[in-house]
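All of the numbers you see were taken from the coordinates with simple rules; none came from a lab. Every value quoted in this text rests on a predicted model; they were computed, and no experiment measured them. Here Cβ is always computed from backbone atoms with ideal geometry, including for glycine, and neighbour counts include all displayed protein chains.
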C-alpha cells in the first residue's frame, strides 16, 4: 500500500514539473527535488521521465473515464477551461512527448489518449464513433490554435456551438427513428 501511495505522490508532484517545464525539459533531478525523496526512492518506481509521463497520462485518462462528466456540456466546459489556460495544462508536455517519442512509442500512449477521448464523447452523447472522431479533431485543432496563441473566446464559442448543435441534431434524429 505504501508503494502505491509513493507512486501516486511522485505522479502528483511530477504533474507540476511537466506543466512548468514541459516534457522535453523536465528531468529526473527536477522530479526528485520536487518530491523531496531520495533519487533511489523515485527510481525504485520509475526509471525515466518518459515512464513517469506515460504513467501520469494513463492516470489522467483513467480518471477522466472513471469520474465521468455529468454531461457533454460539462465535458465541453472542461475543454474550454483548458483551452483558455493551455499553458497551465499538461497538454503542452503531451504535444512535446508526441513529437519527441511518437516514432518509438512502444507504449502506444498516443492511441490510448485518442481512444479514451473518443470513448468519453461517445459515452456522453448519442454520436457514432465517426462523429465522435470529428469532434475530437475539432477539439485538437482548437488546442493547436491555443498553443499558437491565436485562439479567441469567439472561436471557441463558435466551434463549441457547432459541436453542441451537431449532438442535438443527432439526438433528435435518433429520437424520431
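What the table shows:
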| quantity | calculated |
| --- | --- |
| Helices (runs of 4 or more DSSP H) wholly inside the stretch 90-177 that include at least 3 residues being closer than 30 Å to residue 14 by Cβ | 91-101, 109-124, 129-148 |
| Residue 161 surrounded by 15 or more Cβ atoms within 10 Å (Cβ to Cβ) and at negative phi | no |
| Members of the stretch 16-48 found to be in contact with a helix residue (DSSP H, G or I) (Cβ under 6 Å, 6 or more places away or on another chain) and closer than 19 Å to residue 110 by Cβ, listed by number | 18, 22, 23, 24, 26 |
